[in-house]
Amino acid sequence: MYRLKNKKKIIISVCCLFVLLCAGIAVASERLSVRSSIANLRNGSGTKYKVLWQVEKYHPFLVINKKKDWYEVKDFEGDTAWIHNSLLGKTDTVISIKSNCNVRSKPDISGDILLRVERGVPFRVLARKGDWIKIEHADGDVGWIFKKLVW
């Protein structure tokens, strides 16, 4: 009888731990993007905290923590900061991770190069086709980029 009670306690403890871990993974894996033209990233969860840097529309982040109306986020470089939740949305976005990335007229290397972008330029995702992503910049430029060039 004593062994059975201990096994139940262990099973309940393991289940609780599993639920807590899953909840943490769900928060950490939530990907959001900036929906305002410019957003401040701060070193704490409030406007009284110092602005560390600013980002433009469509900049993607992974949410790693939540505190009331503030999200602690991580960017493609691994940097973390806080941003107010009103500045974020669920728009599917990507950001260039290499310099001189070609944005093409069609999802193929034979497509004309419409523009070249530097590292750290965010885009809204319009479509996906194989290894290519149709993107739109906040200024309206549209084209296709190879998926290994973005995060």
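The phi torsions of the stretch 32-47, fed into the Karplus equation with coefficients 6.51, -1.76 and 1.60 and a -60° offset, translate into couplings of 10, 9, 5, 10, 8, 5, 9, 9, 8, 10, 10, 8, x, 8, x, 6 Hz, rounded to whole numbers, with Gly and Pro shown as x.
Scanning residues 5 or more positions from K98 or on other chains, those with amide H under 5 Å from its amide H are G120, with H placed 1.01 Å from N in the peptide plane. Remark: C-alpha extents of the stretch 93-149 on the principal axes read 24, 20, 20 Å, sorted largest to smallest.
Quick note: the coordinates plus some simple rules give every number you see, no bench work behind them. Since the model is a prediction, treat every value here as computed from it, not as a measurement.
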